[in-house]
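Visitor: One structure, pasted below without further comment.
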Amino acid sequence: MKNLLEQIQGRLEGMNKAERKVAEVILGHPQQATRLSIAALAQAAKVSEPTVNRFCRAFGMSGYPELKIQLAQSLASGAAFVSQAVEADDGAEAYTRKILSNTIAALDAARRLVSPALIERAVDLLIQARQIHFFGLGASAAVALDAQHKFFRFNLAVSAQSDVLMQRMLAAAAHTGDLFVMISYTGRTRELVEIARLARDSGASVLSMCAAGSPLAEASTLCLDLPLREDTDVYMPMSSRIVQLALLDVLATGVTLRRGVDYQPHLRKIKESLLPTRYLTDDA
């Protein structure tokens, strides 16, 4: 279950202007918010005290005291920096701490919220695939390339594509047994949604790593929801990209374990092929 900070972050885009002001004060300074009176919070958000009370009720709380209790519980669970926005006057100490803390919180949220049952189903699709295509655009293109570096080791036909025209052609030429892994944090990229539908129409399966309920998720055979809510419309994708990479590590590990110990010599052979390319260390 999501804690209060994660709930606020997840509902931020749907809030009205006044509620969003309250949310931004809480998310921007969660530790300080636990010590503020309702009057002080209202003043910091430039709203009225009744607005703060309405905000509390919108999250199913009886009033401001309960909000402070749940906020403190959220901080105790390790979500202290669920949304620490970098500000224009931040120095190196501040923005370094915020970025690293955001990343830690994002990975912790993924650990708690990603469904093991969905991971098992995603590994099933990967194991059964005749060939795998990893598709990503923009920042997700680099994640798709990282996936290719991991999954080619499983002796599968694997590619990573970031060119929309090539993606469309591969989807149109797909067959049953092909798997397309679509990587898109928002799941709202029009081209990827159209390509996912084209691949499904060709008989292929589509595994998406994106927001649940998004157009891409709806067009996919299976969606692995990314639990972090990052405003990629405003900021460079940061924490969301780290979560994508970590989930790919999880999937690669699942495939390795499913293949069993008999497959270990193959992986070791690939690893040992790199030895001649490296200088030996003193303890080698």
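Visitor: If the elastic network links every pair of Cα atoms under 10 Å, which of ALA110, ALA92, ALA39 fluctuates the most in the Gaussian network model of the chain?
Guide: ALA92
Visitor: Let me ask something else. Report the one residue of ALA196, ALA157, VAL261 whose Cα lies farthest in the direction of the positive end of the charge dipole of region 144-284 (charges on C-beta: Lys and Arg +1, Asp and Glu -1; origin at the Cα centre).
Guide: It is VAL261.
Visitor: Under 25 Å from the Cα of LYS150, which lysines turn up, not counting those fewer than eight places away in the same chain?
Guide: Counting by Cα, and skipping residues close in sequence, LYS150 has these lysines nearby: LYS269, LYS271.
Visitor: Collect residues whose amide H, placed 1.01 Å from N in the peptide plane, falls under 5 Å from the amide H of PHE134; neighbours closer than 5 in sequence don't count.
Guide: Amide H neighbours of PHE134, under 5 Å, 5+ apart: SER159, ALA160, GLN161, VAL181.
Visitor: Taking the Cα centre of the chain as origin, sum charge times position over the Cβ atoms of Lys and Arg (+1) and Asp and Glu (-1), and report the length of that vector in debye to the nearest 20.
Guide: 420 debye
Visitor: Above 35 angstrom, tally the Cα pairs of the chain and express them as a % of all pairs, no decimals.
Guide: 31 percent
Visitor: Tell me, what % of the accessible area of the chain is carbon and sulfur with a 1.4 angstrom probe?
Guide: Carbon plus sulfur share of accessible area: 55 percent.
Visitor: Let me ask something additional. Helix-only mean residue ellipticity at 222 nm, the chain, DSSP H runs n ≥ 4 weighted -39,500 (n - 2.57), per residue, nearest 500. What is it?
Guide: -17000 deg cm²/dmol
Visitor: Give the Cα extents of region 58-189 along the principal axes, in whole Å, largest first.
Guide: 59, 36, 28
Visitor: While we're here: Using DSSP to call loops (not H, G, I, E or B), can you name the trypsin sites (Lys or Arg not before Pro) in region 85-160 whose Cβ has at most 15 other Cβ atoms within 10 angstrom?
Guide: Answer in residue order: ARG130.
Visitor: A further question follows. To the nearest 0.05, how large is the calculated FRET efficiency for LYS46 and GLN7 if R₀ is 25 Å and r is the Cβ-Cβ distance?
Guide: Efficiency for this residue pair is about 0.65.
Visitor: Next question, about the same structure. Restricting to Cα pairs below 8 Å that are 6+ residues apart, what does the relative contact order work out to for the chain? Please round to a whole percent.
Guide: Averaging sequence separation for qualifying contacts and normalising by length gives 14 percent for the chain.
Visitor: Whole-Hz Karplus ³J(HN,Hα) for region 270-281, in order, using 6.51 cos²θ - 1.76 cosθ + 1.60 and θ = phi - 60°, x for Gly and Pro?
Guide: Here the 3J(HN,Hα) series is 5, 4, 5, 5, 8, 4, x, 8, 10, 6, 6, 7 Hz.
Visitor: Full extension from SER159 to ALA173: what is 0.36 nm times the residue separation minus their Cα-Cα distance, to one decimal in nm?
Guide: Answer, rounded to one decimal: 3.6 nm.
Visitor: Here's something else I'd like to know. Can you give the local net charge around ALA147? Use residues other than it whose beta-carbon is closer than 13 angstrom to its beta-carbon, Lys and Arg +1, Asp and Glu -1.
Guide: Residues close to ALA147 contribute a combined charge of +1.
Visitor: While we're looking at this one, here's another question. Take peptides 17-24, 181-188, 161-168, 257-264 and line them up by average Cβ neighbours within 10 Å, highest first, as a rough protection proxy.
Guide: 181-188, 17-24, 161-168, 257-264
Visitor: Could you tell me which of the pairs LYS46/LYS98; LYS21/LYS46; LYS68/LYS98 are separated by over 18 angstrom between their Cα atoms in the structure shown?
Guide: LYS46/LYS98; LYS68/LYS98
Visitor: Can you give the accessible area per residue of region 109-174, in Å², using a 1.4 Å probe?
Guide: Value for region 109-174: 49 Å² per residue.
The values are calculated or read from the model by the stated rules, or taken from the named source; none is laboratory data. Predicted, not measured: the structure shown is a model, and the values here were computed from it. Positions of Cβ are backbone-derived with ideal geometry, glycine not excepted, and every protein chain shown enters the neighbour counts. Heads up: the accessible areas ignore ligands, DNA and RNA and are worked out on the full protein's heavy atoms, side chains in. Shrake-Rupley method; radii C 1.70, N 1.55, O 1.52, S 1.80 Å.
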